[in-house]
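The values are calculated or read from the model by the stated rules, or taken from the named source; none is laboratory data. These numbers were taken from a predicted model, which means no experiment stands behind them. Don't worry about glycine lacking a Cβ; one is built from the backbone with ideal geometry, like all the others, and counts go over all protein chains shown.
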Amino acid sequence: MNLWSHIPMYAPGKDISFGCGNPNWGAATDRNFELEKRPK
């Protein structure tokens with residue numbers, strides 16, 4: 001079975017802006033909620 005993803009997944013040691021699923025993401029780093037018109 002293969003898993004393909006357009007967006008790279010979280011990789012330890014990479015910057016917070018790399019990939020998706022970084023455990024350091026959250027309300028404190030969410031800067032686009034107003035632009036995307038969604039709750040923070």
Is at least one residue of the stretch 1-22 of a type in the set (Val, Ile, Thr) and loosely packed, with under 10 Cβ neighbours inside 10 Å?
-> yes
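I'd like the full set of residues that are small (Gly, Ala, Ser), over 19 Å from Ile7 (Cβ atoms) and out of contact with any Lys or Arg (no Cβ under 6 Å at 6 or more places or on another chain), limited to the stretch 17-40.
Answer for the stretch 17-40, where residues must be small (Gly, Ala, Ser), over 19 Å from Ile7 (Cβ atoms) and out of contact with any Lys or Arg (no Cβ under 6 Å at 6 or more places or on another chain): just Ala28.
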Out of (1) at pLDDT 80 or above; (2) touching a Gly at 6+ places or on another chain (Cβ under 9 Å), the one Ile7 does not meet is (1)
In the stretch 12-20, is there at least one residue being assigned to a loop (DSSP other than H, G, I, E, B), touching a strand residue (DSSP E or B) at 6+ places or on another chain (Cβ under 6 Å), at pLDDT below 85 and not charged (D, E, K, R)?
-> yes
Neighbours by Cβ (under 8 Å, 6+ apart or cross-chain): first from the stretch 5-27, under 21 Å from Lys40 (Cα atoms); second aliphatic (A, V, I, L, M) and loosely packed, with under 10 Cβ neighbours inside 10 Å = Gly19/Ile7; Cys20/Ile7
